[in-house]
Amino acid sequence: MEKVKIGLLGYGVVGSSVYRLLTKERVRILEGTGVDLEVTRIAEMDTTKHGADAPASLFTTDGSAVVEDPSIDVVVELFGGVDAAFELISCALRNGKNVVTANKQLLANRGAALFELAREKGRQIRFEASVGGAIPIIKVMRESMFAAELHTVYGIVNGTTNYILTAMLRGEGDYAATLARAQELGYAEADPTADVNGADAAAKMAILASIAFHSRVTLQDVTFEGIASIQPEDIAYARDLGFVIKLVGSARLLDEQVNVRVAPTLVPAGHPLAGINGSYNAVLLVGHAIDEIMLSGPGAGGLQTSTAVISDIVSIVSTKTTGFMQNCSCYRALPLLAEEEMRSAFFIRVRVEDRPGVLAQLASIFGERDVSIESLIQKGHGDQAELVLITHPSPEKDFRAALEAIAGLSSVRSRPMTIRVLG
Ligand SMILES: NC(=O)c1ccc[n+]([C@@H]2O[C@H](COP(=O)([O-])OP(=O)(O)OC[C@H]3O[C@@H](n4cnc5c(N)ncnc54)[C@H](OP(=O)(O)O)[C@@H]3O)[C@@H](O)[C@H]2O)c1
């Protein structure tokens with residue numbers, strides 16, 4: 001069994017979640033990768049802010065104590081900010097450590113120098129959590145899209161502004177009121193400037209463009225505009241015309257030239273981005289070889305983002321040798337869950353005799369098996385009378401048993417037709 005020691009820089013929203021999730025998943029990761037991941041050092045100014053899950057003995061206030069510690073194999077940078085993070089990551093790479101970071105501002109401003117240093121030292125920098133929170137956009141673009149000839153990457157990459165625009169669309173207040181609500185809910189930072197002025201989304205689009213087009217784009221190369229000037233009436237007029245307003249980042253490759261920008265944009269109501277609401281993010285990848293692929297999911301949050309950080313650590317330890325990441329990823333044999341144990345809601349259409357009491361018979365059969373009815377309509381009369389029902393989710397075996405009983409009723413004129421309901 002190999003042991004890999006991890007040093008965390010930062011025990012804030014993401015850092016403390018990474019510690020908790022790594023501790024919880026330690027055995028599963030060991031079973032999957034053959035590597036025991038252990039956090040052995042944490043640098044943090046204020047150790048009390050995010051609970052005292054980690055033993056006090058792991059903490060230091062000095063980031064260099066982590067990156068200079070010869071026993072540490074992987075440094076996970078979750079301080080945020082640019083200059084201190086740059087110095088500490090450089091030092092970690094010079095000391096032969098692999099690095100994971102969620103720091104989009106750092107990569108969009110000074111990524112080139114860090115990647116060059118990593119190449120020189122034969123070490124990895126992984127940064128899945130820097131864009132899209134829990135969405136595995138970086139890995140998909142770097143690995144799966146290599147031959148896709150991407151020419152456009154666009155989407156919603158800032159959860160705070162998407163939350164504000166969604167709340168304004170729902171009539172929950174103007175820009176100032178919905179921003180205050182986003183802060184209360186923890187979606188927006190105490191200083192939300194970089195979110196609302198588009199700089200956060202611009203940094204993420206610089207990272208995505210660099211990967212998509214294999215050509216470095218920095219924050220300075222991106223034009224960006226925020227959402228502070230959007231008024232409720234703009235949103236209402238857009239809606240009347242069949243659009244929703246979203247903060248859209250886009251990166252385009254046109255005639256071997258790159259354009260990257262972030263701006264409030266009218267999105268047609270039927271477009272997939274129009275349905276991305278609240279703090280969710282979504283990115284569409286467009287390429288000559290793939291048409292269009294969309295990835296969407298939670299764009300921020302400690303727990304959500306920590307899954308991306310941990311996947312990077314697992315990628316690092318799993319790409320050192322041939323194994324888990326290259327060959328079969330199954331490391332256990334789970335039993336199959338029988339179909340009848342699954343829960344589902346159902347749509348049912350059945351032809352019935354058109355007389356009083358038939359509906360009560362059906363309802364009572366469902367009730368006896370704890371299958372509750374969410375909605376019901378009756379269509380047609382006489383020989384054409386049909387009942388159409390939608391049930392609440394219930395164990396499939398109970399639903400099937402009820403259906404058999406219903407099919408056997410003399411008042412039922414056809415075999416009930418059933419379709420599963422999603423959700
Ligand atoms: N939160 C999210 O949902 C999310 C999503 C994706 C990516 N990210 C990225 O993840 C990184 C961390 O974000 P976060 O939300 O976890 O931030 P956070 O809650 O502010 O955590 C950062 C922690 O690091 C500490 N720290 C910063 N510099 C330090 C230094 N030089 N020495 C010792 N301690 C230091 C901070 O302490 P003080 O506060 O006392 O300075 C703070 O407790 C950022 O790059 C962010 O952009 C966050």
Quick one: how many residues across the stretch 9-32 are hydrophobic (A, V, I, L, M, F, W, C) and closer than 13 Å to residue 129 by Cβ? 4
For residues that are surrounded by fewer than 12 Cβ atoms within 10 Å (Cβ to Cβ) and either within 20 Å of residue 203 (Cα to Cα) or more than 10 Å from the ligand (Cβ to nearest atom) (or both), tally how many sit in the stretch 53-69. 4
Answer with yes or no whether residue 72 is away from the ligand (no atom under 14 Å from the Cβ) and either within 30 Å of residue 201 (Cβ to Cβ) or surrounded by 17 or more Cβ atoms within 10 Å (Cβ to Cβ) (or both). yes
Say whether the condition of being touching a helix residue (DSSP H, G or I) at 6+ places or on another chain (Cβ under 8 Å) and free of Cβ contacts under 8 Å to residues at least 60 places away in the same chain is met by at least one residue in the stretch 68-77. yes
Considering only residues that are buried (at least 19 other Cβ atoms within 10 Å of the Cβ) and of a type in the set (S, T, N, Q), which ones fall in the stretch 167-203? 178
If I ask for residues that are within 16 Å of residue 345 (Cα to Cα) and surrounded by 15 or more Cβ atoms within 10 Å (Cβ to Cβ), which ones from the stretch 401-423 would you list? 401, 402, 403, 416, 418
Scan the stretch 292-324 for residues that are more than 22 Å from the chain's Cα centre (by Cα) and among the charged types (D, E, K, R) and jot them down. 320
Pairs returned, first residue in the stretch 283-294 that is surrounded by fewer than 18 Cβ atoms within 10 Å (Cβ to Cβ), second residue that is not in a strand (DSSP E or B), beta-carbon separation under 7 angstrom, 6 or more apart or interchain, are 288/149; 289/147; 289/148; 289/149; 290/148; 294/272
Exactly one of these conditions fails for residue 89: (1) within 27 Å of residue 211 (Cβ to Cβ); (2) away from the ligand (no atom under 15 Å from the Cβ). Give me its number. (2)
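Every number here is computed from the coordinates shown, using simple stated rules; none is lab data. The structure presented is a predicted model; accordingly, all values stated were derived computationally and were not measured. Virtual Cβ from ideal backbone geometry, glycine too; neighbours counted across all protein chains shown.
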